[in-house]
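Derivation of every value follows stated rules applied to the coordinates shown; laboratory data play no part. These numbers come from a predicted model, not from an experiment. Cβ atoms come from the backbone with ideal geometry, glycine included; neighbour counts cover every protein chain shown.
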Amino acid sequence: MTTHVSSLRITSVKVLDQDEALDFYCGKLGFEVRDDADLGFMRWLTIGLPGQEFPQLLLELPGGPQQDAETAAAVRDLLTKGALGGVFLTSDDVLATYETLRDAGVDITQEPVEQPYGTDFGLRDPFGNPIRISQLSGATDEEIERAYREQADRV
Amino acid sequence: MALSPQEDTNRRMLRARDEMDRRYAEPLDLVALASVAHLSPSRFGRVFKDVFGETPHRYLQRRRVERAMALLRQTDRPVTQVAWDVGFASLGTFSRTFSAIVGCSPSEFRQQTEVVHVPTCFVAAWTRPRERTTVSEKQPDSGAD
């Protein structure tokens, strides 16, 4: 089957305050604003990483006409319990990124750990969304598979 | 950020649960966790259960067993060492808790399991065992279990 779908352009991240989201994603993580438009019925706010136009994150508030008040409250409840979303990012110096974010007071959920594919650590945005930042080692798929197999063989 | 009282509670309790995730091998320190959540120690356990549906002690047990499952899958450490590494001070309590939660012994689990190839945070989240039977929660987990 051919769908002709060709790229990931924008994906939504639910946030509870768009200005605070900008402070975090742009002020601490290093994203840049791509679009910030007051459409009247909503604030269309997208961000991306330097040097690449896409993909972008749409920093979106729960609610709006497509959600009744009860549904929006449920989304907010799940978000603040850490039960929604998830963003995977990469860094070319993950230990430096970790130290910068830690020193900035970001909620770190896991310190950097070595993985077969590189090194990564976990954090949360101010609303509860989990974020993972990895530095990929450059290992090929075969090398990563071999590392996992070696783990299994040791058992 | 304007949070409702419940959302504010959720967020503070999530910080405390993240702290438990980071320090899973250490004794459960309800006073410190309550401080993270800006609650009194006497209220912390009840509010935790209201938000996440289980007691802090039970959550910590599942977190430790999930870590034990990973170590059994990925390393050749002896079961006793695994028990110590995830925070149990007694092999008997570890084996009993593991079997009650997972449904088989640590050794049987090690023989059955396969290594999976996805980011470890997803493995941890999706392989964390659900409750099967009630494990005694009489004693707060002081690490001397």
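Points to keep in mind about this one:
- For the stretch B:58-131, alpha-carbon Rg over 2.2 N^0.38 Å: 0.99
- In terms of its alpha-carbon gyration tensor, the protein assembly as shown comes out oblate; a/c meets the 1.5 threshold, while b/c is at least as large as a/b.
- Phi angles of the stretch B:48-58 translate, via the Karplus equation with coefficients 6.51, -1.76, 1.60 and θ = phi - 60°, into HN-Hα couplings of 4, 5, 4, 7, 10, x, 7, 6, x, 4, 5 Hz per residue; Gly and Pro are given as x.
- The stretch B:5-53 shape via C-alpha gyration tensor axes, a/c threshold 1.5: prolate
- Which of A:L45, B:L71, A:L58 has the fewest Cβ neighbours within 10 Å, and the rest in rising order: A:L58, B:L71, A:L45
- J(HN,Hα) series, the stretch A:5-14, from Karplus relation 6.51 cos²θ - 1.76 cosθ + 1.60, nearest Hz, glycine and proline x: 5, 10, 7, 8, 9, 9, 10, 8, 10, 6
- Legend: translational diffusion of chain A by Stokes-Einstein, Rh = Kirkwood radius over C-alpha pairs, 10 °C, 1.306 mPa s; D = 90 µm²/s.
- Two-decimal log10 I(q)/I(0) for the stretch A:37-122, as the Debye equation yields it once each C-alpha is a single scatterer, q = 0.17, 0.22 Å⁻¹: -0.98, -1.19
- The stretch A:49-155, relative contact order [Cα under 8 Å, separation at least 6], %: 23 percent
- Applying the Karplus relation 6.51 cos²θ - 1.76 cosθ + 1.60 with θ = phi - 60° to the stretch A:15-24 yields 3J(HN,Hα) values of 9, 9, 8, 6, 5, 5, 5, 5, 4, 6 Hz, where x marks Gly and Pro.
- Cα-based Lys pair tally, the protein assembly as shown, threshold under 26 Å, eight or more apart or on separate chains: 6
- Both numbers refer to the Cα atoms of the stretch B:1-130; Rg and Dmax are 16.0, 50 Å.
- For the stretch B:23-113, GluC sites (Glu not before Pro) are listed when DSSP marks them as loop and at most 16 other Cβ atoms sit within 10 Å of their Cβ; the list is B:E54.
- Gyration tensor verdict on the stretch A:83-138 (Cα atoms; rounded if a/c is under 1.5, prolate if a/b is larger than b/c, oblate otherwise): oblate
- Estimated FRET transfer efficiency (B:E54, B:Q81; beta-carbon r; R0 30 Å; 0.05): 0.65
- Rounded to the nearest 20 debye, dipole of the protein assembly as shown from Cβ charges on Lys, Arg, Asp, Glu: 1320 debye
- Neighbour-count order for B:M1, B:M13, fewest beta carbons within 10 angstrom listed first: B:M1, B:M13
- The relative contact order of the stretch B:58-131 comes to 40 percent, based on Cα pairs under 8 Å that sit 6 or more residues apart.
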